[in-house]
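The values are calculated or read from the model by the stated rules, or taken from the named source; none is laboratory data. Note that the coordinates shown come from a computational prediction; the quantities given were computed from them, not determined experimentally. Backbone-built Cβ (ideal geometry, glycine too); neighbour counts: all protein chains shown. Remember, those area values only see protein heavy atoms, side chains included, never the ligands or the DNA or RNA. Shrake-Rupley method; radii C 1.70, N 1.55, O 1.52, S 1.80 Å.
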Amino acid sequence: MENWSVDQVCNWLRQKNLGELVPKFREEEVNGAALLALNDRMVQQLVKKIGHQAVLMDLINKYRQQKTGLESLTYCCETASSKSPEVISGASDRRMLNYSGPVEQKKYLCSTENEEGLIDHRVLKQKKNLKSFFARYKTLQWTSSYALPDFPYDVKCILTEKKCPDHSMRIRIIEFLQADMTKYLEGSLYPNSQQYNIVVNALLQAYPFLDEDGNGFLLWKRALKDRFKYVRRPIEDDEQVLRNKCKFGHRRGQSRKSSFAENKPDDIQMQVEEQPVRLEGSVMDAHIQWLKQEYMKTQRNWKEVDNRMNVTIEIRRKMISDKAPLKDILRLFPFLRCPYQIFREFQLLTQMDIYKKTVEILEIYSENIISLYVVRNNPINIMLQENLKWHTEEEILKYMKMTAACLLLPDVFGDDASLFAAVNDEVKAVTPVLEVKNPFNVNSCEFALYIENEMLAQLDDCTMALAALLAAFHVFDIPCPKRIQRTLNFLQSLVFEVRSP
C-alpha cells in the first residue's frame, strides 16, 4: 500500500464501497503513503460523514496491524532459528503468540500439526478460545492506556483558567471526547459502561473543578452517552446502509431514506417559498439555507450557528408573533430543536440565564418540596423513597431528589400534572409538556420536550428539562394553560426575581 498511486487508492476506495470519497482524495492527491499517514484530524477534514470516517480509519488500522504482525512474526522466526531446538519449543512459542496478531497466531497454531496429520487437543482448545481471549485483552489494553485528547486552543484556555465552561463549551468538550473514544474503539460507536466511566474519570482527574461539588461525574457521563446516541442516528441514513437494508428486506430503511430526502438542502428553497412570511433579500435566504445544511451535519460550527441565529432573529420573532405554524418555524430554524439554542433565544429576549436559574431553584427547594405533607403519598414520592434505599452516593441522591421535586411541583400547587409532565405515560397535552421515562433509574432515565404532540428535543436531566419547558413558553410565545398556571407563575417569579401573589 505504501507504493500505491492516487489512482490505486481511488480504486481501493471503490472496492470498499467508499466511492463518494474519490473526488476529494483526487483533489488532495492522496497516494498510498499519504493514506497510511492519515490521522484522525486529517480524516475529519477529508471525510464529512462520520460513518465513512469510522470505516476508513478501521481499514487503515487493520492494514497497519497486519503489517506489524507479519514483521514481528518474521523477526521472531529469524531469531528463533539461531537458537537450539529446546529453546525454540518453549520460549519461542510463547513469544510468537504474544507478538503476532490474531491472524498470524491462528496460522501458527495450525502449523503445529505433526507429521502424521494429527493435531494436539490442547492446540484445538487454544484455537477455539483465541478469538474471545484477544477481544478481552484488547478491551483491557484500551482501558489501561487511555489518555485525554488534545483539546482545541479555546477549550484549553478555559480549562487552564479553571473556569467552569458554559453550555456551548461543554458540547465542544463532549464532541472531542466522543471523537477520541471512537478512535480508540477503532470506529465503533458502542462503548461499554466501563469505558464511559474511565473516560469521565480521566476528565475529572485532569480537571477537578469540572466535578461541580461532586455532581459532575453523572452529568458528564450522561452527556457523553447521549452524544454517542446522537451520532449513531445519522449513520442509518448512509447510502450503503440503506442499500443493505433494502437487500435484506428491511423496508424501514426506505421510509427513513424518503423522510431524509425531504430535508435535503436541494429542497430548502422550495420550502422557504411556502412559508407564510416572505423573506426579504437573498442574504436572509442564504443564512437560513446555511442553518438548515449545518443542522444535518454531525460536526457543527456552533460559533457560526450563534452568529447566524443572531442575524435571523427578527424574521423568526415576526413569524412567531404572527402565529405562524410551529412546523414552519422549525423547518426554517431547525436549531430551535436544540436545548442550547432554546436557552440562548430566551437569554436574548429576557437577558436571563434560564438554565442557571433553574439549577438554583431545584437545589434550594427540592428538600422542602419532597418533605411536604401534600405530596407524602404521591406515587412519585413513593417511587423516590424506594429508590433512595438502593443508593448511597451523594451525587445520585441529590439528582434523584431534584428530579422528584421537579415532577411534584404541580401537585404542590394543586395543578394538573398531565399538563406539566407525562411520567412513564403517553403525552396528550398540546402545550409544552415533558415526557419522562424511568425518572429515578440513573442508567435508563429519559427526558424529552413535546409541543403539539411532537417531540421537540431530547434532554439530559430534570434540570435541563424544566429549564426547556419554561423557556419554550417564552420563545414560542405560547399562552399558559389555566390548569398549570400557578406552578408556572411560581417558577417564573423565581427566574425573573419578582414577587408573585
For the subset of region 453-475 comprising residues that are outside any helix (DSSP H, G or I) and touching a Pro at 6+ places or on another chain (Cβ under 9 Å), which member is nearest to Pro432 (Cα to Cα)?
Leu456
Within region 139-156, residues in a helix (DSSP H, G or I), open to solvent by 40 Å² or more (accessible area, probe 1.4 Å) and modelled with pLDDT of 80 or more come out as Lys156
Within region 300-349, the residues that are buried (at least 17 other Cβ atoms within 10 Å of the Cβ), acidic (Asp, Glu) and under 27 Å from Gln45 (Cβ atoms) are none
Among Asp58, Asp40, the single one that is touching a Gly at 6+ places or on another chain (Cβ under 6 Å) and not assigned by the TED database to the domain that holds Gln299 is Asp58
Checking the conditions here, which among Val375, Val433, Val427 is under 21 Å from Val495 (Cα atoms), free of Cβ contacts under 8 Å to residues at least 40 places away in the same chain and either open to solvent by 40 Å² or more (accessible area, probe 1.4 Å) or of a type in the set (Val, Ile, Thr) (or both)?
Val433
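Condition check ((1) modelled with pLDDT of 85 or more; (2) over 24 Å from Glu294 (Cβ atoms); (3) outside any helix (DSSP H, G or I)) across all residues:
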site	(1), (2), (3)
Asp7	yes, yes, no
Asn11	yes, yes, no
Val22	yes, yes, no
Val43	no, no, no
Lys48	no, no, yes
Leu59	yes, yes, no
Thr79	no, yes, no
Ser89	no, yes, no
Identify all residues within region 288-320 that are farther than 15 Å from Ile342 by Cβ and in contact with an Asp or Glu (Cβ under 6 Å, 6 or more places away or on another chain); write none if there are none.
Arg300
Going residue by residue through region 437-444, is there one that turns out to be under 25 Å from the mean Cα position of the chain (by Cα), under 22 Å from Lys357 (Cβ atoms) and modelled with pLDDT of 90 or more?
no
Condition first: of a type in the set (A, V, I, L, M, F, W, C) and out of contact with any Phe, Trp or Tyr (no Cβ under 6 Å at 6 or more places or on another chain). Now tell me which residues in region 336-369 satisfy that.
Leu336, Cys338, Ile342, Phe346, Leu348, Leu349, Met352, Val359, Ile361, Leu362, Ile364, Ile369
Go through (1) open to solvent by 20 Å² or more (accessible area, probe 1.4 Å); (2) farther than 20 Å from Val498 by Cβ one by one and return the number of the condition Asp353 breaks.
(2)
Regarding Asp328, is this residue at pLDDT 85 or above, out of contact with any helix residue (DSSP H, G or I) (no Cβ under 6 Å at 6 or more places or on another chain), outside the structural domain of Leu46 (by the TED database) and in a helix (DSSP H, G or I)?
yes
